[in-house]
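The values are calculated or read from the model by the stated rules, or taken from the named source; none is laboratory data. Here the structure is a predicted model, which is why all the values come from computation and not from measurement. All Cβ positions, even for glycine, are placed from backbone atoms using ideal geometry, and neighbour counts span all protein chains on display. Please note that ligands, DNA and RNA were not included when accessible areas were found on the heavy atoms of the full protein model with its side chains. Shrake-Rupley method; radii C 1.70, N 1.55, O 1.52, S 1.80 Å.
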Amino acid sequence: MVESKNRPAQYKQSSRKGKKAWRKNIDISDVEKKLEEKHELETTHGKQTLTEVSDDALFAVDTDGDQALKQKLIKRKQIKKVLKSTEILESIKTKSKVPALTSAKVANKKQDKVQGVSRKELDRLLALAGKKLGESKLKARVAKEGLVKSDTFDLWGGEPKDEIVVPSGLKLKVNPENMEKVPKELLTQSTTGWSVAKVAPPTIKHSTVLVKERETIPHAGKSYNPSKEEWESLISTEYESEYKNEQRRIALENYRQRIQHLMETADDKEEEDSESDEESESESEDASVSEGADPSTLSLNPATKNKKKTKYQRNKQKRHEEKVKLQNEIKKLKEKVKELEKLTDIEKEVEEKLAKSTTTSNKVRKNKKHKLGTKHSVMEDNLEVKFSDELSDSLRKLKPEGNLLYDAVRSLQSSGKVETRVPVRKGRRYKQKITEKWTYKDFK
């Protein structure tokens, strides 16, 4: 028999008439257990409940790790072995209060920085802000952005006489007396690929080509609260342009369908044509056999005739060619005489053309195809039209629309300052080859 450590307790008996009857030797073991647990927590952690204890007191972070496992991983070369010298240095850094020996360079480097910023960078920032003595903001901006303040000069003007610029861009100082002795090859030829431009390009004198007319001020119908007449005119103009585009698109689609139909039915027509050709050839052969020369001859071809010219015929042809040459020369001379007679009228016409060309050169030239340099036309404007129910009466209800970047690009393209470009995706250099591997035959 095992003796119970608990106190002697009476047999558990339910209370009568729904009331708890007070008896001797009542079982209070669960209450005592709870009290013992509280006493243990108070002795170990200093608090009666774990919720009041801080996390640092309850948990500990293992920084060392399992040494046996570490040795195994080092043997397997999965972890690098830490040298004893590095361990000692690390322990000095963390535990020792005496600072480690450092070289003069390292000490100077630490002193050079102010709040993590190097002295050099700090000086530059102070100079840029104009807070350094003897340094101006303009000088700092020139050093940073490359801004230079200089006098105006002719970019395509002549160089000074005492200085020669080689095509490669090098400047050579030469006395004015020895300028004639300088070899021409030095001035004309260049050993490098880059050379300084001396002559102004001809495009500088030309005005820009107006590729497409574009309204700088938007249409009055695009306002947030337009008048009825302006709004109707905008709707009509946009409808006409869109209708034309739609007609072009439908025509192109019909043309594509027609080409596709022809491609699909081309083989059938070729077969019919080949059959008809064979029939015609067979009929012609039968006719030639029936209408041929003597049946005694083996050849089906007609007899060859002697086409050689006689001496009289050759001489006659030569005389005729000479006559034709003389007649052509006489015609040309007559035309020249007529042109000389009209010389004064021609001179007047030339003068008028020159005057017109000078006036038109100053004007902006127009381009009908809406293209400049490339095959692509100018970017079309977006359809910026609102219906009657979409119009907003007040600025508060107005929503921002359009894109300033696209507007700027369209204006540059239409004025002829920028060519129209389309992004091109680079395709594969070599086509992909699909091959079927023959390994499945091994399992047959």
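For the reader, a short list of remarks on this structure follows.
Residue-by-condition table, conditions (1) at pLDDT 85 or above; (2) open to solvent by less than 100 Å² (accessible area, probe 1.4 Å):
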| site | (1), (2) |
| --- | --- |
| Tyr243 | yes, no |
| Thr265 | no, yes |
| Glu279 | no, no |
| Val289 | no, yes |
| Pro295 | no, no |
| Gln313 | yes, yes |
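- Condition broken by Val199, with the remaining ones in (1) outside any helix (DSSP H, G or I); (2) at pLDDT 85 or above; (3) not acidic (Asp, Glu) satisfied: (2)
- Failed item in (1) open to solvent by 70 Å² or more (accessible area, probe 1.4 Å); (2) of a type in the set (Lys, Arg); (3) modelled with pLDDT of 75 or more, with Lys149 passing the rest: (3)
- Condition check for Ile235: modelled with pLDDT of 85 or more, part of a helix (DSSP H, G or I) and closer than 22 Å to Ser388 by Cβ: yes
- Here Lys431, Lys386, Lys417 are screened, and the one residue that is open to solvent by 100 Å² or more (accessible area, probe 1.4 Å), more than 25 Å from Thr208 (Cα to Cα) and in a loop (DSSP other than H, G, I, E, B) is Lys431.
- Condition met for Gly402 (surrounded by 14 or more Cβ atoms within 10 Å (Cβ to Cβ) and assigned to a loop (DSSP other than H, G, I, E, B)): no
- The one condition in (1) closer than 24 Å to Thr203 by Cα; (2) in a loop (DSSP other than H, G, I, E, B); (3) modelled with pLDDT of 80 or more that Lys426 fails to fulfil: (1)
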